[in-house]
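The values are calculated or read from the model by the stated rules, or taken from the named source; none is laboratory data. Not measured: the values here are computed from a predicted model. FYI the Cβ positions are ideal-geometry reconstructions off the backbone, even for glycines, and counts take in every protein chain you see. We work out accessible area using only protein heavy atoms, side chains counted, and drop any ligands, DNA or RNA first. Shrake-Rupley method; radii C 1.70, N 1.55, O 1.52, S 1.80 Å.
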Amino acid sequence: MNALMPKLDLAGWDRRYAELQGRGLHEAAYGGPLRRHVDRDRDFRLEQLQFDGSAAALRLWNFLLTENERLHQARGRGEKIVGTMKDLGTVPVMAYALPGLRAFYPDGAWWTPCLMEGSDQLLQQAESLGIDASFCPVRAMLPAFQNGEHFPRPDLLICSTGAVCDDFSAIAQRLEHLGHAIFWWEMPRRRAPEPGEGACVLPGNLTAPSIQVDCVRLELERVRLALAELAGVPLDDARLADGLRAANRVRRLLASLRQAVYAAPAAPLPALEMLVAEMLAIHFCSDREETVAVLAELLAEAHSRLRRGHFVSGAQAVRVFWVNPVADLRAMNLLEDCGGRLAGADFMFSHALDLIPEDLPPLEALARTALADPMVGPATDRAARVVRECRANRAEAVVIARIPGASHCVREGEIIRQTVRQTLDLPVIELEIPPVSDAMLPALASRLQAVVETALARRSK
Ligand code: SF4
């Protein structure tokens, strides 16, 4: 007999937490009630969210929301902190292959204005530092570096350049001018091999000229030396290969979780928790081993619910493929409130989900994976992958979340929209979602309802 699992608001989680504790809940060191993130860290957005009610989801949220605290603790233990910027999933694999290093993405500060509902004033402070609202919310990281109230100041700051968006390029350069030294490495813009040109197969069904892979490999060689110098031990191939295998363990778990949730006839886990779970791939939320434990518990919860017929959305919910991360986490709740569910997603880092080849020299394997980044190649490549995944998971509609100010979104969104319409004839909408979207919720809801209703009407044709 199928059952619908109710989601919990924060007050509901207060009661649920007491109940789980009464049943002998065993938590990781960063565990505790969700409420404390509001009371202590001013993460006021949690009061507006609807959460999954499982112990696995509690662990996921506590893991996410204690990242800065855990980074400060690591610094206190004498570990070295590496800030990696823009590549989303490459340099952290190398950093975590070395003892005593902890890598994180300062870019992640783009969710701080959402979580703190603007009380952090980071976006306003970014304006006073010369980066205004014509840039995407990643600009929040600039004052976060300056005021030191969020993440610790990294011992080494590494940023990819070349094929990166104008927003990030400008913000990172501004950061350097403010006195934060940056180790730059170059990422060429991926192109298709020309006839007769040497080519390499990349993860994600892509190919690139061998000369581009060589270029990335040589750049990563420089990164390897910088990381090894910081760690005080060489990052040799054996150590790096171990790091790749450990990263692949995370990627395999995520692949199983995505398959279990997105392909299921009804969703066993909510969209919001799936977004957070996918984000763990890029830098393991600053703890690779714990990421494995968090994902394994989520996967076990999903499998258990599928066996018992317990779902968070009804079988009638429209299967939506979602493109881009949302600046306001509440938008993922809204999708389900409007009768949709996730049946796939491209949160802008599909290369961090693909397995890194283990049958190649490790730096070559990492270079190929880095070059498969959807944001360094043509939008048509990204659109083709969206189409493949929509087909695989029987998506009935596509939602493209535009990121306010993001320089790539307008053109890219249109290419994805046209490709999906032409090849799959699915309804597609684009929504711009600001970091705190409360004032726009009615408009966002009516647009989501419209696409859900269009998809439902097509079922009866
Ligand atoms: S514009 Fe897009 S790719 Fe660039 S930093 Fe912002 S969200 Fe990331």
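Tabulated data
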quantity: In sequence order, calculated HN-Hα J values of the stretch 281-287 (Karplus, 6.51, -1.76, 1.60; Hz; x Gly/Pro); calculated: 5, 6, 9, 6, 6, 6, 7
quantity: Unit charges at the beta carbon, dipole of the stretch 3-459: most positive-side option, L298, L142, G405; calculated: L298
quantity: Packing rank of 418-427, 346-355, where each peptide gets the mean count of other beta carbons within 10 Å, highest leading; calculated: 346-355, 418-427
quantity: Sulfur and carbon atoms: percent of accessible area, the stretch 189-347 [1.4 Å]; calculated: 54 percent
quantity: Burial ranking of peptide ranges 175-181, 153-159 (average Cβ count within 10 Å, highest at the top); calculated: 153-159, 175-181
quantity: Amide hydrogen neighbours beyond the local backbone of R402, cut-off 5 Å, H modeled; calculated: L431, E432, I433
quantity: Segments 194-202, 242-250 sorted - mean Cβ within 10 Å per residue, highest first; calculated: 242-250, 194-202
quantity: Whether the stretch 1-139 is rounded, prolate or oblate, judged on the alpha carbon gyration tensor where a/c under 1.5 counts as rounded; calculated: oblate
quantity: Share of carbon and sulfur in the accessible heavy-atom surface of the stretch 7-162 [1.4 Å probe, %]; calculated: 47 percent
quantity: Overall dimensions of the chain by Cα: Rg and Dmax, Å; calculated: 21.2, 68
quantity: Amide H within-cut-off set for G340, under 5 Å, with H built and near neighbours excluded; calculated: V318
quantity: DSSP beta bridges in the chain [antiparallel fraction, %, rounded to 5]; calculated: 15 percent
quantity: Phi-based couplings in Hz for the stretch 37-44 (Karplus 6.51, -1.76, 1.60; Gly and Pro marked x); calculated: 6, 7, 5, 9, 9, 6, 7, 4
quantity: Amide H contacts under 5 Å for F51, placed H, 5+ residues apart; calculated: L8, D9
quantity: Value of [θ]222 nm, deg cm²/dmol, for the chain, DSSP H segments ≥ 4, -39500 (n - 2.57) each, nearest 500; calculated: -15000 deg cm²/dmol
quantity: Ranking by accessible area, most exposed first, for M85, M375 with a 1.4 Å probe; calculated: M375, M85
quantity: Average accessible area per residue (Å²) across the chain - probe 1.4 Å, nucleic acids and ligands excluded; calculated: 38 Å²
